[in-house]
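The structure under discussion appears below in the form of structure tokens.
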Amino acid sequence: MAKSKNSKQSDAVSAESLTRKENVRLIAGFSLVIFGIFLICSIISYLFYWKVDMSAINNVNPRIDVEFSNICGPMGARVAQTMVGGRFGIFALAVPAMFTVLGWRLFRFKPVRLHRLIIVYALVAIMGSLTLGATFDTMWNLFGTGIGGGYGIALSDWLTANIGFVGTLLVIIAGWIATGIIINRNFLHLLGNAMVKGYERCMVAAQELMARMRSKRESAENVVERVVEDNPIEEVVE
């Protein structure tokens with residue numbers, strides 16, 4: 001009797017602890033989803049109204065009433081300014097996407113490889129920012145820094161100063177390949193197949209173009225021959 005009572009009590013305790021863990025997981029997942037959606041809305045709104053929000057953030061005159069156009073208010077504008085202009089540019093969207101995906105998987109009780117999730121989205125944010133920073137630099141002065149954000153432009157300048165343009169380009173290519181491999185182990189195989197198919201399509205397009213040019217040239221020669229036949233040139237011999 002004592003053993004049966006002890007086993008029932010242990011089962012009850014384990015069930016209660018399991019319920020608590022599930023509740024914590026649900027609350028954590030729901031909170032991360034809400035936080036991720038808030039960041040996504042803030043960043044997307046900032047992409048359209050960054051000039052107004054930046055002017056409001058940089059205002060130091062207490063006598064002037066500032067207005068934020070960000071749909072998430074002053075807090076959303078400041079967070080978006082930090083993440084977009086000061087950090088990763090438009091690829092700052094990878095950060096709230098990470099929180100949203102993580103929260104959704106927790107909420108749905110799906111297995112989460114936290115380290116892999118963080119590495120993937122961090123690489124996407126960093127490599128995207130670096131690529132845009134190296135390509136456009138401070139062009140258009142978007143978001144106060146550039147389309148690649150402060151981190152991307154600074155990292156691009158540092159790489160270019162140390163290993164040159166070609167070295168920076170190789171780093172970008174290697175970084176994207178590494179990101180693709182982490183996301184999907186068959187990335188190199190898929191990339192190889194895509195390159196082969198692209199090459200085959202280019203060859204087919206080139207052959208079609210050559211055939212069209214040949215047919216146009218032949219038709220032009222036929223037209224010339226017909227004109228010559230219709231209007232023969234008479235040689236006048238004195």
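The values are calculated or read from the model by the stated rules, or taken from the named source; none is laboratory data. Since this is a predicted model, take the numbers as computed values, not measurements. Because the Cβ atoms are built from the backbone with ideal geometry, glycine has one as well, and the counts that use them run over all protein chains shown. When the accessible area is computed, the model is the full protein with side chains, heavy atoms only, and any ligands, DNA or RNA have been set aside. Shrake-Rupley method; radii C 1.70, N 1.55, O 1.52, S 1.80 Å.
So, counting K/R as plus one and D/E as minus one, what does the shell of residues with Cβ under 15 Å around Leu39 add up to?
Working: positive: Arg78, Arg87; negative: Asp53.
Surrounding charge for Leu39 is +1.
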Residues whose modelled amide H sits under 5 Å from the amide H of Asn70, counting only those 5 or more places away in sequence or on another chain, are none
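Highest mean first, what order results for 68-81, 163-176, 99-112 on Cβ atoms within 10 Å?
Working: 68-81: 19.1, 163-176: 14.0, 99-112: 15.7.
Going from most to least packed, we get 68-81, 99-112, 163-176.
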Residue by residue, what Karplus-based ³J(HN,Hα) values in Hz, rounded to whole numbers, does segment 53-59 have, using 6.51, -1.76 and 1.60 with θ = phi - 60° and x for Gly and Pro? 5, 5, 5, 5, 5, 7, 5
For segment 69-223, rounded, prolate or oblate, judged on the Cα gyration tensor with a ≥ b ≥ c (square roots of eigenvalues), a/c < 1.5 rounded, else prolate if a/b > b/c? prolate
Just to check I understand the Karplus step: with θ = phi - 60° and J = 6.51 cos²θ - 1.76 cosθ + 1.60, what whole-Hz values come out for segment 150-164, glycine and proline as x? x, 5, x, 5, 5, 5, 5, 4, 5, 5, 5, 5, 9, 10, x
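Which order, highest average first, do 199-205, 134-140 follow once you tally other Cβ atoms within 10 Å for each residue and take the mean per peptide? Spell out each step's value before the answer.
Values: 199-205: 10.0, 134-140: 14.7.
Averaged packing, sorted descending, gives the order 134-140, 199-205.
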I'd like to compare 120-126, 151-157, 86-92: which one has the highest average count of other Cβ atoms within 10 Å, and what's the full order after that? 86-92, 151-157, 120-126
Express the accessible area of segment 86-176 per residue in Å², computed with a 1.4 Å probe while the remaining protein chains stay in the model. 54
Residues other than Phe109 with Cβ under 12 Å of its Cβ, Lys/Arg counted +1 and Asp/Glu -1, net out at +4
Work out from phi, with θ = phi - 60° and the Karplus expression 6.51 cos²θ - 1.76 cosθ + 1.60, the ³J(HN,Hα) of each residue of segment 100-106, listed in order in whole Hz, and give x for Gly and Pro. 5, 5, 4, x, 5, 5, 5
